[in-house]
1. Given the options S51, S63, name the one that is at pLDDT below 95 and either assigned to a helix (DSSP H, G or I) or in contact with a helix residue (DSSP H, G or I) (Cβ under 6 Å, 6 or more places away or on another chain) (or both).
2. Condition first: surrounded by 14 or more Cβ atoms within 10 Å (Cβ to Cβ), of a type in the set (G, A, S) and more than 18 Å from Q18 (Cβ to Cβ). Can you find one or more residues in region 50-66 that meet it?
3. I'd like to check which helices (runs of 4 or more DSSP H) are fully inside region 1-45 and have at least 3 residues that are of a type in the set (S, T, Y), loosely packed, with under 10 Cβ neighbours inside 10 Å and modelled with pLDDT of 95 or more.
4. List the pairs whose first member sits in region 55-69 and is within 13 Å of P45 (Cβ to Cβ), whose second member is surrounded by 12 or more Cβ atoms within 10 Å (Cβ to Cβ) and hydroxyl-bearing (S, T, Y), and whose Cβ atoms are under 7 Å apart, counting only residues at least 6 apart or on separate chains?
Amino acid sequence: MTFKEFYLVEKNKPTPAQIFIKEIAELTKRSENTIRMWLLEKQEPDALAKSLIAEKFGVNPESLFPPRK
């Protein structure tokens, strides 16, 4: 394999952030775009999605999604 081919293999690997978004999308049965909207605080997950995410991380939903000001 050439130097450039090694680079291309690495370049095409998903980042930790992309993996995180994909895992949350699979967990909540939502699209990756929806998860990005939650992260940007342009949308808010419903109660079921909040509880699923909180359970995954072992915390309460209120700490993950504090009230907006």
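The values are calculated or read from the model by the stated rules, or taken from the named source; none is laboratory data. As the structure is a computational prediction, the values presented were derived from the model and not from experiment. Neighbour counts are summed over all protein chains in view; Cβ atoms, including those assigned to glycine, are modelled from backbone coordinates with ideal geometry.
1. The match here is S63.
2. Yes; the residues of region 50-66 include at least one that is surrounded by 14 or more Cβ atoms within 10 Å (Cβ to Cβ), of a type in the set (G, A, S) and more than 18 Å from Q18 (Cβ to Cβ).
3. Where helices (runs of 4 or more DSSP H) fall fully within region 1-45, none carries at least 3 residues being of a type in the set (S, T, Y), loosely packed, with under 10 Cβ neighbours inside 10 Å and modelled with pLDDT of 95 or more.
4. These pairs meet every condition: P61/S51.
Conditions tested, residue by residue: (1) aliphatic (A, V, I, L, M); (2) touching a residue at least 40 places away in the same chain (Cβ under 8 Å); (3) over 22 Å from R68 (Cβ atoms).
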{"residue": "F3", "(1), (2), (3)": "no, no, yes"}
{"residue": "K22", "(1), (2), (3)": "no, no, yes"}
{"residue": "K29", "(1), (2), (3)": "no, no, yes"}
{"residue": "L39", "(1), (2), (3)": "yes, no, no"}
{"residue": "D46", "(1), (2), (3)": "no, no, no"}
{"residue": "A49", "(1), (2), (3)": "yes, no, no"}
